[in-house]
Amino acid sequence: MTRKSFRSLVDAAKRGNVDAQYQLAAMLATGDGIEKDVVAAGQWYAKAAAKNHPEALYNLGLMHILGEICRPALKKGMAMLKRPAKLDSWDAHWYLAQVFMVGLHGEPRNLDKAAYYSVLSLRPKYMTNAPLALADRMQKPDGITAPILARALVKIAAEARKRSR
């Protein structure tokens, strides 16, 4: 990224462009082309998250869970991760499936929720990874069973029906 295009990105972020805020935060969080600054990244993610940007919510939630911008805040981070899942974020669905499959971040292991989020992560764009992950979760001796998967499918169908009314 040229200095001029970076300056344009910063200007757009300061003017309130939610995508620019997210892109700037991601660059700051990873040090991609600029000096890494997780505190500033958290601030820009928070601005985009306040406007319900799904991936900003997801990344900010992870930063809270991992304690990258403050002491680890599991409840706050998990609440943030559930918001982008409601906004149909594949990353949030994918991560929450793993959280509930294993029981992480203060959440108990819950195979019904793991199946639910696993099914939600099945999107054409991700058809190489998501079905393999779901199959792997079903093959584990203590994993997702066919009845659990069926309950997840029924729940998703009911939610779709409710949205279409």
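Throughout, read-outs are computed from the coordinates displayed, never taken from laboratory work. Predicted, not measured: the structure shown is a model, and the values here were computed from it. So basically every Cβ, Gly included, is an ideal-geometry build from the backbone, and we count neighbours across all protein chains shown.
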Would you mind telling me which residue in K82, K51, K140 has the biggest mean-square fluctuation in a Gaussian network model of the chain, where springs connect alpha carbons within a distance under 10 angstrom?
K140
For the chain, with a Gaussian network of springs between Cα atoms less than 10 Å apart, report the residue from Q23, Q139, Q98 with the top mean-square fluctuation.
Q139
When the Cα centres of region 132-165 and region 37-92 are compared, how far apart do they sit, in Å?
25 Å
Tell me the angle of helix 54-66 to the major Cα principal axis of the chain, expressed in degrees between 0 and 90 and rounded to the nearest ten.
90 degrees
About the Cα centre of the chain, how large is the charge dipole given +1 on each Lys and Arg Cβ and -1 on each Asp and Glu Cβ? Please answer in debye to the nearest 20.
640 debye
Length gained when the stretch K155-R109 is fully extended (0.36 nm per residue, less Cα-Cα span)
14.7 nm
The helix 146-164 Cα axis meets the longest alpha-carbon principal axis of the chain at an angle in degrees, between 0 and 90 and rounded to 10, of 60 degrees
Under a Cβ-only charge scheme (Lys and Arg +1, Asp and Glu -1), can you give me the dipole magnitude of region 24-97 about the Cα centre, in debye to the nearest 20?
440 debye
Partner aspartates and glutamates whose C-alpha sits under 13 Å from that of K75, ignoring same-chain residues fewer than 8 away, are E107
Principal-axis tilt of helix 38-49 within the chain, Cα atoms, nearest 10 degrees
70 degrees
